[in-house]
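The values are calculated or read from the model by the stated rules, or taken from the named source; none is laboratory data. It should be emphasised that the depicted structure is a prediction, and the values quoted were computed from it without experimental measurement. Here the Cβ is made from the backbone with ideal geometry for all residues, glycine too, and neighbour counts use every protein chain on show.
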Amino acid sequence: MAQLSPVRAGEPVLKGLKLLNRGKVRDTYDLGSGYLLSVATDAISIFDFVLNAKVPGKGMVLTAMTHFWMTKLEEAGICKTHLVAAGAAIDHYLPKEHQGNVDLQSRAMVVKQLQMAPVEFIARGYLTGTAFKEYQKTGKVFGVALPSDLQDGDKLPCVFDTPTTKEVEGHDIPMNSEEVRVKYPEETKTLLAVYEFVRKFAEEHGVIFADTKLEFGFDEKGNLVLGDEVATPDSSRFWSLMAWMAEKKKEKRKAPSPYDKQLVRNWGIEVGVNNLDPLSSEDVEKVHGMEVPKELITATSEMYRYIFWLLTGMRVDSYVASKLRVDREIPARKLAVVFGSRSDYAKAGVQLAVAQKYVGNRFLGKLDVHVLSCHRNPLYLVEFAGSGCLGADVVIAVGGKAFALPGVLDAHLHAEGFRIPVIGVALGEEGSEELLAAELSISQIPGQTVLMDEKAGVVYRNTDGLSRAIVRATFSELPPMLPRVEKKPEFFIKS
């Protein structure tokens, strides 16, 4: 078993329950009668090292995502799963002292105990990660020759099954695919069926499901059962479909930005964790002594919540409360709608009043409205950003013509150290230069730091767009703040 970091090892044990295993992320308890309690923590691991950090909400996302997929797979008749109960329903299997524990209900599932196969069953539909590294060296992926012109992120000619061992310590070792197919034909067939089901579903929701790993076992009746976790950002790679399509048009391509744990792996590569040995106590101590940047922790937490929303259409807190019947509070958001002028405000008319009332009645949030011009009120705009937009969690900037407000406000917020997302809404008559200029002022900002309707790939427009932006900011997850590329100013440039 991987050596746990101090933060992970310090996770409290549930008293009165028999702890069977303390893994990198999950704790497993024996409930008797062939049932286990699987508790997902907020721990995170990369390259077989458990980092000395927690990602807030991660365990809840992993549990909710696995419940989402296992429920859908069973309903579709794709396979049986080990899921017995989740959410408030786990109380039926727990001793009285652990019943009604909202945090536990949000992160734990009761599952069947299985006789697990000693294989990590991996399906790859796209060339990236370790498979791409092998391809660069040999032109092959796990021994299979591929066309010579493939690049990082390209779709493979077919879905590859690339199984590995399940090492107790250290890195998993690639296995011979043909031998695994012969020995585990039903598992391999189900792996590919699950991958295809999730891939199709994800693509319909604007997401590329690049690869995943699954675990299988047999129950007491000899039935093949899918266990562990399913299609989570810990076990899979997810990308934006639109970003992938944009890369596909380029001569020199690369995999899109990750919607999963690859965000943390990339940091691990930067600091050299990928070159260390998880079996070396010295290297383990070195990794455990590394401080994971707070910004990375925040972005990872936001990313896990964001991919959950993209795939399910729900905030994870709402899913846990409504689908899993957990009596947990759904965090409210304070919104600020900022117009560039009084005339822009007048165009919103009844729509804004209806939306404001709708949000106030349906959600424990607040919506404030301001008029603030970045051209006529530049100093006030700086003060507004410096105040954290008067306590707002999300800002919706609305206006027409050459609409600098959202981009300038976003830049000032970044300079002041605030992680407050800005959504842009363009105003103007359909087909007019005014509307086109406002749209371009939002969509053409370098780095695309102001948010648009990312599923449709368009800027929110006019009163209908404002209503949708308000609902979007209130009831959905917003993407993590993008890293900014700082550029030093240059003065007195000589030719």
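Structure notes:
- All told, LEU478 meets the bar of being in contact with a strand residue (DSSP E or B) (Cβ under 9 Å, 6 or more places away or on another chain), under 21 Å from ALA385 (Cβ atoms) and in contact (Cβ under 8 Å) with a residue 60 or more places away in the chain.
- Odd one out for ALA123, checked against (1) hydrophobic (A, V, I, L, M, F, W, C); (2) over 19 Å from ASP260 (Cβ atoms); (3) in contact with a Phe, Trp or Tyr (Cβ under 8 Å, 6 or more places away or on another chain): (2)
- Matching residues in the range 23-67 - criterion: being out of contact with any Lys or Arg (no Cβ under 8 Å at 6 or more places or on another chain) and under 22 Å from GLU187 (Cα atoms): MET65, THR66
- Qualifying positions in the range 406-452 - in a helix (DSSP H, G or I), over 27 Å from the mean Cα position of the chain (by Cα) and either within 12 Å of VAL395 (Cα to Cα) or of a type outside the set (Val, Ile, Thr) (or both): GLU433, GLU434, LEU435, LEU436, ALA437, ALA438, GLU439, LEU440, SER441
- All positions within the range 455-481 that are in a loop (DSSP other than H, G, I, E, B), surrounded by 14 or more Cβ atoms within 10 Å (Cβ to Cβ) and hydrophobic (A, V, I, L, M, F, W, C): VAL459, LEU478, MET481
- Count of the range 10-40 residues which are in contact (Cβ under 8 Å) with a residue 60 or more places away in the chain, part of a loop (DSSP other than H, G, I, E, B) and either surrounded by 23 or more Cβ atoms within 10 Å (Cβ to Cβ) or touching a strand residue (DSSP E or B) at 6+ places or on another chain (Cβ under 7 Å) (or both): 4
- Residues in the range 409-454 that are loosely packed, with under 15 Cβ neighbours inside 10 Å, among the charged types (D, E, K, R) and under 23 Å from TRP309 (Cα atoms): ARG419 alone.
- Verdict on LYS58 being touching a residue at least 40 places away in the same chain (Cβ under 8 Å), more than 30 Å from ARG315 (Cβ to Cβ) and out of contact with any strand residue (DSSP E or B) (no Cβ under 6 Å at 6 or more places or on another chain): no
- Of the helices (runs of 4 or more DSSP H) lying entirely inside the range 328-404, those containing at least 1 residues that are at pLDDT 95 or above and in contact with a helix residue (DSSP H, G or I) (Cβ under 8 Å, 6 or more places away or on another chain) span 378-386, 388-391.
- Residue count for the range 238-266 satisfying the condition of being in a strand (DSSP E or B), surrounded by 23 or more Cβ atoms within 10 Å (Cβ to Cβ) and in contact with a Ser or Thr (Cβ under 8 Å, 6 or more places away or on another chain): 1.
- Applying the set (1) more than 28 Å from the chain's Cα centre (by Cα); (2) surrounded by 21 or more Cβ atoms within 10 Å (Cβ to Cβ) to THR138 leaves exactly one unmet item: (2).
- Residue within the range 275-293 that is under 23 Å from GLU169 (Cβ atoms), surrounded by fewer than 16 Cβ atoms within 10 Å (Cβ to Cβ), touching a residue at least 12 places away in the same chain (Cβ under 8 Å) and of a type in the set (Gly, Ala, Ser) present: yes
- Filter pass, ASP103 being acidic (Asp, Glu) and within 24 Å of THR300 (Cβ to Cβ): yes
- Scanning the range 364-390 for residues that are in contact with a Lys or Arg (Cβ under 6 Å, 6 or more places away or on another chain) and among the charged types (D, E, K, R) yields one hit, LYS366.
- Flag for ALA202 being touching a Phe, Trp or Tyr at 6+ places or on another chain (Cβ under 7 Å) and part of a helix (DSSP H, G or I): yes
Table: residues versus (1) crowded, with 16+ Cβ neighbours inside 10 Å; (2) without any contact (Cβ under 8 Å) to a residue 40 or more places away in the chain; (3) acidic (Asp, Glu).
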residue: GLU187; (1), (2), (3): yes, no, yes
residue: GLU196; (1), (2), (3): no, yes, yes
residue: ASP211; (1), (2), (3): yes, no, yes
residue: PHE216; (1), (2), (3): yes, no, no
residue: ASP219; (1), (2), (3): yes, no, yes
residue: THR232; (1), (2), (3): yes, no, no
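- Look at the range 71-86: where a residue is aromatic (Phe, Trp, Tyr), no partner that is buried (at least 20 other Cβ atoms within 10 Å of the Cβ) and in a helix (DSSP H, G or I) sits 6+ places away or on another chain with Cβ atoms under 7 Å.
- Number of the exception - VAL180 against (1) farther than 14 Å from ILE122 by Cβ; (2) part of a helix (DSSP H, G or I): (1)
- Taken over the range 80-108, the criterion of being on the phi > 0 side of the Ramachandran plot and surrounded by 18 or more Cβ atoms within 10 Å (Cβ to Cβ) is satisfied by GLY87 alone.
- Residue selection: ALA86 satisfies the criterion of being more than 27 Å from PRO163 (Cα to Cα) and among the small types (Gly, Ala, Ser).
- Scan of the range 447-466 for residues that are touching a residue at least 60 places away in the same chain (Cβ under 8 Å) and charged (D, E, K, R), ordered by number: GLU454, LYS455, ASP464
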